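Enquirer: Supplied in structure tokens, the structure appears directly below.
The values are calculated or read from the model by the stated rules, or taken from the named source; none is laboratory data. Quick caveat: nothing in here was measured; it's all calculated off a predicted structure. Positions of Cβ are generated from backbone atoms using ideal geometry, with glycine treated the same way; all protein chains shown enter the neighbour counts.
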Amino acid sequence: MKTRKHKSDLVILFATLGLMALGLIIIYAIGPMRANVLNNTYGTEYGTHDFFIGQLRSVALAIVAFFLSFKVIPYKYIKKYSKLIIIVALIMSALLWILAISGSSLAKCELGECRWYNFGPISFQPAEFLKLALVVYLADFITRKNEEGTLGKWQEFWLPILIICGASLFLVVVAQGDLGTGVAIISIVFGMLLVSGIPVKQYLFMLALIIAVAIGSVATSSHRMERVNAWLDTLQGAEVTDSTYHIENAMLAIGVGGLSGVGIGNSVQATGYLPESINDSVFAIMGETFGFIGLFLILGVFIALLLRMLRVADHTPDQENRLLVIGVFSWTLAQVVVNIMAMTSLVPVTGITLPLLSYGGTSMIFIAFAIGLVLQISCYTSREVTKNEDINSRGRLRGAYHASRRRSS
């Protein structure tokens with residue numbers, strides 16, 4: 001097998017840009033409704049197209065980040081500073097927690113949870129940066145431990161991973177109350193560990209341990225248990241209550257959409273019935289707008305994107321590159337699956353965005369940057385060079401050589 005630079009994976013390229021464009025269209029359609037709801041409920045002064053302009057700005061920045069990681073910044077420079085990147089990400093998350101405790105205006109809080117830095121018209125969510133930092137750091141760390149022969153050793157391998165991942169989960173799930181991001185972090189870590197080469201028994205033990213901790217964190221939180229109980233009530237067909245309102249209206253939106261949807265701009269749920277219509281609930285709104293046919297097409301794009309990521313990982317000879325691709329794949333897969341399952345009442349509502357489609361800048365920018373790295377790695381996948389190709393290559397070289405001789409004479 002030989003590795004040569006070749007064209008990037010066009011499926012990943014067009015699927016990413018296509019999803020961004022679709023998200024922009026849906027925000028354009030429901031943004032005015034969202035603005036009207038907030039203005040009437042909270043007395044805000046959002047303009048008709050403020051959300052569309054905000055999403056347009058986010059898409060523009062995401063495209064810049066996407067092509068920077070794809071074409072401009074070589075991955076070898078990013079992995080060189082993997083330790084510094086994870087340290088900065090953890091410090092930023094810890095600092096936000098401190099600012100929130102102190103009541104600083106630099107910490108932006110919504111519904112009692114402080115997850116964003118507030119810089120006037122600009123907000124920044126450090127948890128999204130932390131996801132990217134974890135992918136880059138773990139790809140480098142696992143590769144180094146494999147080369148050192150300490151993969152699976154307690155002190156050299158597991159202890160640093162538990163410290164880094166434990167600190168990340170604490171700063172996200174406990175300090176920020178963001179269980180959805182916690183699910184994404186766990187998926188990233190265990191997705192990368194699955195292909196790391198560690199003993200199966202160790203992997204299963206750690207997986208069981210983290211599942212037990214996750215169950216404990218839910219069981220000891222009244223807010224999370226309320227969501228679980230609401231989900232169970234929905235499954236049993238109980239009457240709509242305040243706790244079941246979100247999921248009931250999400251399922252109603254998808255059901256009303258039927259086969260072909262009500263059409264762009266005709267959503268009823270976006271007028272104030274469905275909470276977080278432009279963020280976590282955008283899948284339900286798209287179901288209402290485009291119907292089951294539209295949802296299946298959107299799912300098809302996500303599936304194509306994810307399968308091509310797996311293909312890149314499978315054809316990447318370098319272990320660190322393969323680990324990074326699997327990390328981005330696990331990150332994307334977790335958010336797609338959890339968001340869609342929550343909107344269809346297969347799991348409790350967790351509050352996690354749909355990649356590249358939901359409203360919001362930080363999430364879109366960082367996942368676009370991560371997918372750009374995958375696209376960069378796709379240019380260096382290995383393939384088998386056949387005998388005929390070698391002969392043709394030598395023929396082209398001889399032709400070029402003789403042509404240059406004729407020109408020089």
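Enquirer: Of all residues being among the hydrophobic types (A, V, I, L, M, F, W, C) and part of a loop (DSSP other than H, G, I, E, B) in the stretch 181-204, which is farthest from Arg115 (Cα to Cα)? Just the residue, please.
Expert: Ile198
Enquirer: Got a sec? Which of Ser187, Ser168 is out of contact with any Gly (no Cβ under 9 Å at 6 or more places or on another chain) and among the hydroxyl-bearing types (Ser, Thr, Tyr)?
Expert: So the residue among Ser187, Ser168 that is out of contact with any Gly (no Cβ under 9 Å at 6 or more places or on another chain) and among the hydroxyl-bearing types (Ser, Thr, Tyr) is Ser187.
Enquirer: Just to verify a result, which residue in the stretch 101-153, among those that are touching a strand residue (DSSP E or B) at 6+ places or on another chain (Cβ under 8 Å) and within 25 Å of Ser82 (Cα to Cα), is modelled with the lowest pLDDT?
Expert: The selected residue is Ser123.
Enquirer: Can you name every one of the helices (runs of 4 or more DSSP H) wholly within the stretch 8-93 that holds 3 or more residues which are buried (at least 18 other Cβ atoms within 10 Å of the Cβ) and of a type in the set (Val, Ile, Thr)?
Expert: Counting at least 3 such residues, we get 10-42.
Enquirer: Note down all Cβ pairs under 6 Å where the first residue falls in the stretch 312-334 and is charged (D, E, K, R), the second is buried (at least 24 other Cβ atoms within 10 Å of the Cβ), and they're at least six residues apart or on different chains.
Expert: Cβ pairs passing all conditions: Glu320/Ala139.
Enquirer: Pick from the stretch 334-368 the residues that are outside any helix (DSSP H, G or I) and aliphatic (A, V, I, L, M): which of them is modelled with the lowest pLDDT?
Expert: Val349
Enquirer: Right, next: Of everything in the stretch 255-312 that's over 18 Å from the mean Cα position of the chain (by Cα), buried (at least 24 other Cβ atoms within 10 Å of the Cβ) and among the hydroxyl-bearing types (Ser, Thr, Tyr), which residue is farthest from Val11 (Cα to Cα)?
Expert: Ser267
Enquirer: Additional query: Return only the number of the condition from (1) loosely packed, with under 15 Cβ neighbours inside 10 Å; (2) modelled with pLDDT of 85 or more that Met206 does not satisfy.
Expert: So the condition that Met206 fails would be (1).
Enquirer: Residues to consider are Ile98, Ile161; find the one that is within 28 Å of Thr332 (Cβ to Cβ) and either out of contact with any strand residue (DSSP E or B) (no Cβ under 6 Å at 6 or more places or on another chain) or part of a helix (DSSP H, G or I) (or both).
Expert: Within the list Ile98, Ile161, the selection yields Ile161.
Enquirer: Here is a list: Gly166, Gly191, Gly177, Gly216. Which entry is farther than 16 Å from Arg322 by Cα and either among the aliphatic types (A, V, I, L, M) or crowded, with 16+ Cβ neighbours inside 10 Å (or both)?
Expert: Testing whether each residue is farther than 16 Å from Arg322 by Cα and either among the aliphatic types (A, V, I, L, M) or crowded, with 16+ Cβ neighbours inside 10 Å (or both) leaves just Gly177.
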